[in-house]
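Step one of this worksheet: look at the structure below.
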Amino acid sequence: MMPLIEEISSTPSEAPAKLDDVDSGQDSNKIVIDEITLEPPKEGSSKTKEKNIGPSMTVEAIKKICKKNKQYSTPELNDILYLHFQGFGKIENLDLYTGLKCLWLEANGISKIENLDRQKELKCLYLQQNLISKIENLELLDQLHTLNVSNNYITKIENLVPTLHTLQISKNRLKESDAIDGLLDAPNISVIDLSNNNLEDPCIIDILEKLPSLSVLNLMGNPVIKKIKNYRKVIVHFLYLSL
């Protein structure tokens with residue numbers, strides 16, 4: 001039986017040249033961002049036109065990052081891409097990177113999940129600490145195993161792919177029980193981090209109990225914990241039944 005977890009962390013330490021060739025002298029995480037407080041722009045507002053003022057994810061910019069990380073100059077040979085902490089406002093120009101299995105986009109200014117149609121082999125997608133308000137455009141990622149959208153502005157879990165095993169969605173704006181209904185679209189999901197949202201309806205247990213593979217669950221920092229009688233006993237019980 002898997003225990004409850006206090007926190008799930010998946011921040012990369014150093015960007016290797018290739019998966020099997022680590023450059024121990026390189027530190028790609030000199031910038032530490034604890035939490036993004038900038039409000040996401042609303043559609044049609046004057047801020048919408050300003051949201052991409054930062055660096056653009058151009059073909060040349062991506063190539064320079066690959067060169068810095070001692071990765072392949074031929075885009076399709078790269079199976080991992082480190083585009084985190086760059087200030088990018090939009091996902092774009094990844095068409096040639098068709099062999100990606102892991103994509104780091106953490107801590108940018110991205111407001112929409114888009115333009116990933118060519119990454120059909122992608123297994124891990126890291127989008128934490130951005131300005132995303134909706135989970136969308138994942139339907140072609142039919143090998144996706146892990147999705148991290150923590151520290152965003154998401155109000156509802158939706159549009160998940162059936163292959164998903166791990167979802168990290170802490171520090172978002174989930175509140176009502178129907179905000180997590182979309183978990184049922186991922187029957188193979190086994191690890192869920194819902195910590196530090198605003199979930200307060202005990203009915204979320206009815207949804208979580210319907211996930212047959214669930215083995216790790218984090219609900220810390222949600223008001224619902226105080227509303228479920230014998231909380232730990234209840235959670236451990238249904239996690240045990242799913243094993």
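The values are calculated or read from the model by the stated rules, or taken from the named source; none is laboratory data. Quick caveat, the model's predicted, so the values are computed rather than measured. So basically every Cβ, Gly included, is an ideal-geometry build from the backbone, and we count neighbours across all protein chains shown. Side chains are part of the model used for accessible areas, which takes the heavy atoms of the whole protein and leaves out ligands, DNA and RNA. Shrake-Rupley method; radii C 1.70, N 1.55, O 1.52, S 1.80 Å.
Hey, rough spin-label estimate for ASN115 and ASP181, points 7 angstrom out along Cα→Cβ, what's it come to in nanometres?
3.3 nm
Enter the Cα centre distance for the pair region 143-181 and region 194-243, rounded to the nearest angstrom.
15 Å
Over region 188-243, what relative contact order in percent results from Cα pairs under 8 Å that are six or more residues apart?
Answer for region 188-243 is 43 percent.
Quick one: go through region 113-132 and flag any residue whose amide nitrogen is under 12 Å from the point 7 Å out along the Cα-to-Cβ line of GLU92.
From region 113-132, the list is 115.
Given axes a ≥ b ≥ c from the Cα gyration tensor, I'd like to know whether region 100-213 is rounded (a/c under 1.5), prolate (a/b larger than b/c) or oblate.
Oblate, because a/c is 1.5 or more while a/b does not exceed b/c.
Given a cut-off of 31 Å, name the pairs among LYS134/LYS226; LYS120/LYS227; LYS68/LYS101; LYS67/LYS171; LYS90/LYS171; LYS123/LYS226 whose C-alpha atoms lie farther apart than that in the structure shown.
LYS120/LYS227; LYS67/LYS171; LYS123/LYS226
How large, in percent, is the carbon and sulfur part of the accessible surface of region 99-213 at a probe radius of 1.4 Å?
44 percent
Using a ≥ b ≥ c from the Cα gyration tensor of region 178-243 (square roots of the eigenvalues), is it rounded, prolate or oblate, where a/c under 1.5 gives rounded and otherwise the larger of a/b and b/c decides, a/b for prolate?
Cα axes put region 178-243 in the oblate bin.
Between LEU140 and GLU76, 0.36 nm times their residue separation minus their Cα-Cα distance comes to what?
21.3 nm
Please work out the average accessible area per residue across region 99-208, using the 1.4 Å probe convention, and give it in Å².
Value returned for region 99-208: 34 Å² of accessible area per residue.
Assuming a ≥ b ≥ c are the square roots of the Cα gyration tensor eigenvalues, decide whether region 171-215 counts as rounded (a/c under 1.5), prolate (otherwise, with a/b larger than b/c) or oblate.
prolate
Multiply the residue gap between GLU60 and TYR231 by 0.36 nm, knock off their C-alpha separation, and tell me the result in nm, one decimal place.
56.4 nm
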